[in-house]
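Please treat every number below as a calculation from the coordinates, not as lab data. If you're wondering where the values come from, they're calculated on a predicted model, not measured in any experiment. Cβ placement follows ideal geometry from the backbone for every residue including glycine, while neighbour counts extend to all protein chains displayed.
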Amino acid sequence: LRVTWMSLLINLILSGLKFTAGIIGHSQAVAADAAHSLSDTTTDLAILLGARFWSQPPDSKHPYGHRRIETLVTLFIGIILTAAGISLAWNAISTIHTSLSSPQSTVHSPEATPSWLAFWAAIISMITKEALCRYTLRVGKSIKSISLEANAYHHRSDALSSIPAALAVAIAAIKPEWQMADPIAAILIGVMILHVAFKITWPQVSEILESGASEQARDEISTLARTVEGVRDIHKVRTRYVGAQLHIDLHVQVDKTMFIENAHNISMEVTHRIKNDGPGVHDVIVHIEPFEDAHS
Ligand SMILES: [Zn+2]
Ligand SMILES: [Zn+2]
Ligand SMILES: [Zn+2]
């Protein structure tokens, strides 16, 4: 999990950089972005700690393995991100509220004008995060880790959220009377973060609620089972996810006069074929039953 250690380090460096630049450069949007990067380190830590547990093999207490721990960690990433989005937007709204109710407050004073330092901090952060996103996505897809993929999309949302921050700083630096652009950008960033948070959180909730695989995946599985020689019909295909791993059980009908030995071989072949060619399949359980011809 070198990629996650890297992410942790980069998040720490970026949040330090943006905090400094946001405070010296008087940009609420950039400082808020920094607070967000700092909260991101908790999700990196969760992955680093969690991976030790969810990669354990199944044991007597957890016969289906421990991959659900990854689901919980990913859910946790989503919740942290939701909190970050809400607090960002909330702070910005209260800044706007304060400056509207007292026009001579600090926001409008010349020394509070965002400077180019904050602008460059946002740009550097954006480029670094997008690079980190692409790298994490590649690793996440290759080892089939939902939490790494979630973290990758999270990095992209971080990269995107630096764009309004950079723009707002540029606008306010060029035209100081438009300082309101800074908190408005911060609100926009908050909303973007909430959008990503929802996209990360929802699949985990739906997995915990035992949602099955997509219709396309189920069709694929049924088709694979039907291609096995000796299979007369199949039904009751049930699917569930444990982390990124798909667990399947199904009823397979064979000739009712078939020897048990042959029927068992067919069930093994069905299992084998679905496991090898199915979409991320981890386990298949086949229930054999006699085929009853509807016309006989
Ligand atoms: Zn983030
Ligand atoms: Zn049946
Ligand atoms: Zn067997």
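Over the chain, with a Gaussian network built from C-alpha contacts below 10 Å, which listed residue (Leu250, Leu117, Leu100) shows the highest mean-square fluctuation? Judging by the Gaussian network model, the answer is Leu100. Assuming charge only on the beta carbon of Lys and Arg (+1) and of Asp and Glu (-1), the dipole of the chain about its Cα centre is about 640 debye to the nearest 20. Taking a straight line from the alpha carbon of Lys256, these aspartates and glutamates sit under 19 Å away, with near neighbours fewer than eight places off in the same chain left out: Glu229, Asp233, Glu269, Glu289, Glu292, Asp293.
Across all Cα pairs in region 201-296, the calculated P(r) in 10 Å bins from zero up to the longest distance comes to 16, 47, 25, 10, 2, 0 percent per bin.
Count neighbours as other Cβ atoms within 10 Å of each site's Cβ, and list the chymotrypsin sites (Phe, Trp or Tyr not before Pro) in region 1-87 that are DSSP loop with at most 14 such neighbours. Passing sites in region 1-87 are Tyr64. Long hydrophobic helices in the chain, taken as whole DSSP H segments with a C-alpha length of 20 Å or more on their own axis and mean Kyte-Doolittle hydropathy at least 0.0: 2-24, 28-54, 68-101, 116-142, 146-174, 181-208. When Rg and the Kirkwood radius Rh are both evaluated on Cα atoms of the chain, their ratio Rg/Rh stands at 1.19.
The tail of the calculated P(r) for region 121-274 beyond 21 Å holds 63 percent of all Cα-Cα pairs. Going from the fewest other Cβ atoms within 10 Å to the most, the residues His251, His155, His282 appear in the order His251, His282, His155. Normalised by 2.2 N^0.38 Å, where N counts its residues, the alpha-carbon radius of gyration of region 59-207 equals 1.30.
Checked against a 27 Å cut-off, the cross-linked pairs Lys141/Lys199; Lys18/Lys141; Lys61/Lys275 give Cα-Cα distances beyond that limit for Lys18/Lys141. Here the dipole of region 215-290 is about 180 debye; that uses its Cα centre as origin and unit charges on the Cβ of Lys and Arg (positive) and Asp and Glu (negative). Where in the chain lies the longest segment free of GluC sites (Glu not before Pro) that are both loop residues by DSSP (not H, G, I, E, B) and have at most 15 other Cβ atoms within 10 Å? After excluding every exposed loop site, the longest remaining stretch is 1-209. Any idea what the relative contact order of region 144-225 is, in percent, if you count C-alpha pairs under 8 Å spaced at least 6 apart? It comes to 26 percent, rounded to a whole number.
Taking 8 Å as the Cα distance limit and 6 or more residues as the minimum spacing, I'd like the relative contact order of the chain as a percentage.
Relative contact order for the chain comes out at 18 percent.
Taking the fewest neighbouring Cβ atoms within 10 Å as the starting point, the ordered list for Lys129, Lys199 is Lys199, Lys129. When the chain is treated as a GNM with alpha-carbon contacts under 10 Å, the residue of His154, His97, His66 showing the greatest mean-square fluctuation is His97. Structure remark: mean-square fluctuation, Gaussian network model of the chain, C-alpha springs under 10 Å; the largest value among Ala29, Ala217, Ala173 belongs to Ala217.
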